[in-house]
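Undergrad: Have a look at this one before I ask anything.
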């Protein structure tokens, strides 16, 4: 088993994901609203609006995927650092026990987030994170089935959740 | 105040009132419907041999179109049946981007748009005008592409699906090719 994971430092911060999300959103909006594109010839205004909405929805999903990846990186790096740096707090001890068993292959939802859910006073936030990763699973695997997610997810909701998770796991 | 000043004021107000006359949507709709009739006439002409021997059946029925300016009106949908496969020419309307009218040619293999455009527009890029202004100089007055003194000649053109959207003349050869593509098994 790998003893120590080398961090690539290529993981994105939530603000970097947000910045990219906003720039692309503005660009798509400008493409549809402020310029006359030749491919729009023959469109009704309703068709143009629908296409813009579909592009924005698709962009939102792509950004959700990117943000959820950044959340995963944050949670996994936190888990590994707590194990490597031998912190004495309860959660770090329990994570080291988990690391002894499963190493870097600990499951994000079933192990790391479940542990946080058990140990944190904000169980609800970690439950929401587990649900959000079901949404990530659905996005990442091609959305070909009808997911049972319990709620709708979008970038704004996930960004707020990401910031809350970051605040809760800070040590 | 001089009488001359008052006369200028009245003339200006008159100009403003004629400039803000409401757009004649009824005329726009009627023009579209007459071009639609001409399009269907061409289609029936292209297929006359097959219609005559009963190998192709062409029927028309009315559908309702609802557009913001014109409100609700009816237009004819043309259905062409070749064997078991119908291809419909569905009128979409006249309030559109960059063209005066559109008919969607729908078959089991997809949709090809037929658009009514200024005959000078040979490709989609012709709809775009690029203006270069030099920093520090007065920008040149915007020039419309339709500034030609000749009246606009409207022509139906076939528009292939994106991403490589291209215009094709609406003639017998291109229409039959499009029909074949849409009605294929």
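Undergrad: Based on Cα positions only, what radius of gyration and what Dmax would you give for the protein assembly as shown, in angstroms?
TA: Looking at the protein assembly as shown, its Cα Rg and Dmax stand at 31.0, 100 Å.
Undergrad: With springs only between Cα atoms under 10 Å, which of A:12, A:161, A:149 fluctuates most in a Gaussian network model of chain A?
TA: Maximum among the listed residues: A:149.
Undergrad: Hey, another quick one. Order these by the 10 Å Cβ neighbour count, fewest first: B:119, A:69. Don't skip to the end; give the middle numbers.
TA: Numbers: B:119 12, A:69 15.
Result, fewest neighbours first: B:119, A:69.
Undergrad: Between residue B:12 and residue B:134, what FRET efficiency follows from the Cβ-Cβ distance if R0 is 45 Å, with the result rounded to 0.05?
TA: Rounded to the nearest 0.05, the efficiency is 0.85.
Undergrad: Distance between the C-alpha centers of segment A:1-79 and segment A:115-171? Whole Å please.
TA: Rounded to whole Å, the Cα centres lie 18 Å apart.
Undergrad: May I have the pair-distance distribution P(r) for chain B, computed from all Cα-Cα distances with 10 Å bins from 0 and rounded to whole percent?
TA: Per 10 Å bin, starting at zero, the Cα-Cα P(r) for chain B comes out as 8, 28, 28, 17, 10, 6, 3, 1, 0 percent.
Undergrad: I need A:9, B:85 ordered by Cβ neighbour count within 10 Å, fewest first. Display every interim value, and only then the final one.
TA: Working: A:9 5, B:85 14.
Going from least to most buried by this count: A:9, B:85.
Undergrad: Here's another thing I want to ask about it. State, to one decimal in nm², a quarter of the convex hull surface area for the C-alpha atoms of segment A:14-169, i.e. the direction-averaged projected area. Working shown, then result.
TA: Values: hull surface 45.0 nm².
Average of the hull's projected areas for segment A:14-169 equals 11.2 nm².
Undergrad: Only counting other Cβ atoms within 10 Å, I'd like A:130, B:80, B:152 sorted with the fewest neighbours first.
TA: On the way: A:130 15, B:80 23, B:152 12.
Ordered by Cβ neighbours within 10 Å, fewest first: B:152, A:130, B:80.
Undergrad: Output the relative contact order of chain B, whole-number percent, from Cα pairs under 8 angstrom with separation of 6+ residues. Could the numbers behind the result be given before it?
TA: Working: 243 pairs, mean separation 28.4, N = 185.
Value for chain B: 15 percent.
A short reminder: the numbers here are calculations on the coordinates, not readings from a lab. Every value quoted in this text rests on a predicted model; they were computed, and no experiment measured them. All Cβ positions, even for glycine, are placed from backbone atoms using ideal geometry, and neighbour counts span all protein chains on display.
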